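Working notes, structure below.
The values are calculated or read from the model by the stated rules, or taken from the named source; none is laboratory data. Everything quoted here is computed from the prediction, not taken from an experiment. Counting neighbours? That spans all protein chains shown, and the Cβs are built from the backbone with ideal geometry, glycine included.
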Amino acid sequence: MGEFVVLQAEDGHSFDAYRAAPEGTAKAGLLVIQEIFGVNGHIQSVCDGFAADGYLAIAPAVFDRKQRKVDLGYSAETVAEGRALKDDVGWDDPIPDMNAVLTALRDSLGENAKIGVVGYCWGGTLAWLAACRLETDCAIGYYGGQIGQFLTEQPRSPTMLHLGTEDSGIPMETVDAVREAHPAVEIHVYEGAGHGFACDQRADYHPAATALARERSMAHFAEHLG
């Protein structure tokens, strides 16, 4: 359903992005943010799924600032590779790339179009930063493990978070701290779900949690994007 296009950030950096368009007129736009594995087949399928639901979805290859064409699987070796790339890119470099996607979505849909953001794993934290630093109409973060580092930043649009009780990288103390600092943020915790529970290519895939989280996410998008 989708295709790769090339976008350019305000600082002149050009990067790949996967773009999936619905049939007919799009309801709204979605910025979809990758895990540490690049814009791989899973993230492409996520974009395709949102397009099938009527949204124009674009996923920027935020690793392109350090290494292009990153498409990793889910072995221990690729996890280590992805983490190293994530650390190399850092938290600030993806911001202009995400903003370029927001601009591309508005160019396609109209300046007054509604735009949401959703991210997974590393992208879950980047979705939080996009909600805090960029102009979006709503945001959703799946298992964003570093949101606790950015508790002083305030989301500027309605934000929803999905987390699992069995995620060893995100202790419940961190979840409680987010709740306390941001009572307006809608937080859902899924019993028995681990990190990456919404990815059907990972060992922690949890079908029931995935289905419920997606139902809640689509309701969030319908309320704030149309």
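Details
- Scanning region 98-141 for residues that are part of a strand (DSSP E or B) and among the β-branched types (Val, Ile, Thr) yields Ile115, Val117, Val118, Ile140.
- Meets criteria (within 18 Å of the chain's Cα centre (by Cα), of a type in the set (A, V, I, L, M), crowded, with 16+ Cβ neighbours inside 10 Å and at pLDDT 95 or above) for Ala59: yes
- Number of residues in region 126-150 that are touching a Phe, Trp or Tyr at 6+ places or on another chain (Cβ under 8 Å), buried (at least 24 other Cβ atoms within 10 Å of the Cβ) and free of Cβ contacts under 8 Å to residues at least 60 places away in the same chain: the value is 7.
- Subset of region 16-31 [part of a strand (DSSP E or B) and out of contact with any Phe, Trp or Tyr (no Cβ under 9 Å at 6 or more places or on another chain)]: Leu31
- On inspection, Gln8 passes the criterion of being touching a residue at least 60 places away in the same chain (Cβ under 8 Å) and surrounded by fewer than 21 Cβ atoms within 10 Å (Cβ to Cβ).
- Yes/no for Val189 being more than 17 Å from the chain's Cα centre (by Cα), without any contact (Cβ under 8 Å) to a residue 40 or more places away in the chain and surrounded by 15 or more Cβ atoms within 10 Å (Cβ to Cβ): yes
- If you go through region 62-97 and pick out every residue that is among the acidic types (Asp, Glu), under 16 Å from Gly119 (Cβ atoms) and outside any loop (DSSP other than H, G, I, E, B), you end up with 1.
- Scanning region 99-121 for residues that are crowded, with 16+ Cβ neighbours inside 10 Å and either acidic (Asp, Glu) or within 21 Å of Glu186 (Cβ to Cβ) (or both) gives Lys114, Ile115, Gly116, Val117, Val118, Gly119, Tyr120, Cys121.
- Taken over region 32-57, residues that are more than 24 Å from Ala84 (Cα to Cα) and not in a helix (DSSP H, G or I) amount to 5.
- Of all the listed residues (Gly38, Gly49, Gly54), the sole one being buried (at least 21 other Cβ atoms within 10 Å of the Cβ), at pLDDT 95 or above and small (Gly, Ala, Ser) is Gly38.
- Glu153 meets each of the listed conditions (1) in a loop (DSSP other than H, G, I, E, B); (2) buried (at least 24 other Cβ atoms within 10 Å of the Cβ); (3) not β-branched (Val, Ile, Thr) apart from (2).
- Lone unmet requirement of (1) part of a helix (DSSP H, G or I); (2) over 24 Å from Arg83 (Cα atoms) for Val175: (2)
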